[in-house]
Amino acid sequence: MKRLPVGLSIAVGVALLILLGLGTWQMQRLHWKTQLLADLARTRAIAPVALDGLLSQPGDHVWRQVTLDCRSDPRDFVYMHGVSDGVAGFHVLTHCPTGQGVILADLGFTAQKPLAAAVTTTTLTGRLRRFETPNAFVPPNDPKADDWYTRSVSDLSKRWSVTLRPDYFVAATQPVAPGLTPVDATANLSNRHLEYALTWYGLAAALIGVYIALLYSRRRAEMRKGRS
């Protein structure tokens, strides 16, 4: 065999780059998830504090538990599509004026729309969370139809004619009304990214092994053909 098979080598090279890229991405996710779990462990040990006092202090307060008084008008509730424990329903969103600006509050999950029991004034206990970046598979919000799929700060600010804080929202961790179930985003968080990374790297190694074995097999076949 005078030269490497060009088509096969290119295909193997492309596949190898993809596998190595996926493995590296999982290693990056491993670092992120390890830090996230460490932050959660740290914040679980801290009792809830008043929102205004916490946000007046510098630093990263994500996942911290806070309390705040939130006056809600049920007519202003936004029902965002979601799934909890395999059940389709809605996250009930509202806005809470505070001494540190207007903050979005996720009051919990309900399978019905609208709520049977109105929520007007509540002392809310929840976690500070960052806004998610929706992926390409999430439909866009349709404010005109009042059809919601994401916690978009700009869309919801226009919906309520307020200026929402863009850094955090509060997700309830304790029930605020019958029919509303808090969704704990921190429950059952797994960290299997090292396992996934090793799987992709293992597949890359296997691909290299198969490629070398194929070249060796071709070489032996050519040698036998040359002796005959």
>> I'd like to check something: does the stretch 40-59 contain any residue that is modelled with pLDDT under 90, closer than 17 Å to Arg130 by Cα, not in a helix (DSSP H, G or I) and not β-branched (Val, Ile, Thr)?
In response: yes
> All but one of (1) open to solvent by 60 Å² or more (accessible area, probe 1.4 Å); (2) over 23 Å from the mean Cα position of the chain (by Cα); (3) not hydroxyl-bearing (Ser, Thr, Tyr) hold for Pro134; which doesn't?
Replying inline: (2)
> Looking at the stretch 1-23, which of the residues that are touching a residue at least 40 places away in the same chain (Cβ under 8 Å) and open to solvent by 60 Å² or more (accessible area, probe 1.4 Å) is nearest to Leu194 (Cα to Cα)?
Replying inline: Leu20
> From the residues in the stretch 25-64 that are free of Cβ contacts under 8 Å to residues at least 12 places away in the same chain and of a type in the set (S, T, N, Q), which one is nearest to Thr123 (Cα to Cα)?
Replying inline: Gln57
> For residues in the stretch 58-104 being open to solvent by 60 Å² or more (accessible area, probe 1.4 Å) and of a type in the set (Lys, Arg), which is nearest to Pro143 (Cα to Cα)?
Replying inline: Arg75
>> So if I check each of Phe109, Phe90, which one is part of a strand (DSSP E or B), free of Cβ contacts under 8 Å to residues at least 24 places away in the same chain and either on the phi < 0 side of the Ramachandran plot or touching a helix residue (DSSP H, G or I) at 6+ places or on another chain (Cβ under 8 Å) (or both)?
In response: Phe90
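Yes/no per residue for (1) loosely packed, with under 15 Cβ neighbours inside 10 Å; (2) not in a loop (DSSP other than H, G, I, E, B):
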position: Pro140; (1), (2): yes, no
position: Leu156; (1), (2): no, yes
position: Pro166; (1), (2): yes, yes
position: Val170; (1), (2): no, yes
position: Val176; (1), (2): no, no
position: Gly209; (1), (2): yes, yes
position: Ile212; (1), (2): yes, yes
position: Glu222; (1), (2): yes, yes
position: Gly226; (1), (2): yes, yes
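The rows are residues; the columns are (1) farther than 28 Å from His81 by Cα; (2) of a type outside the set (Lys, Arg); (3) out of contact with any Gly (no Cβ under 8 Å at 6 or more places or on another chain).
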| site | (1), (2), (3) |
| --- | --- |
| Ser154 | no, yes, yes |
| Lys158 | no, no, yes |
| Arg165 | no, no, no |
| Ala171 | no, yes, no |
| Leu180 | no, yes, no |
| Ser190 | no, yes, yes |
| Trp200 | yes, yes, no |
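Which ones in the stretch 136-164 are of a type in the set (Val, Ile, Thr) and either under 18 Å from Pro74 (Cβ atoms) or touching a Lys or Arg at 6+ places or on another chain (Cβ under 6 Å) (or both)?
Val162
The values are calculated or read from the model by the stated rules, or taken from the named source; none is laboratory data. These figures come from a predicted structure and were not determined experimentally. Note that we place each Cβ from the backbone using ideal geometry, even for glycine, and neighbour counts take in every protein chain shown. Surface accessibility is based on the protein's heavy atoms, side chains included, excluding ligands, DNA and RNA. Shrake-Rupley method; radii C 1.70, N 1.55, O 1.52, S 1.80 Å.
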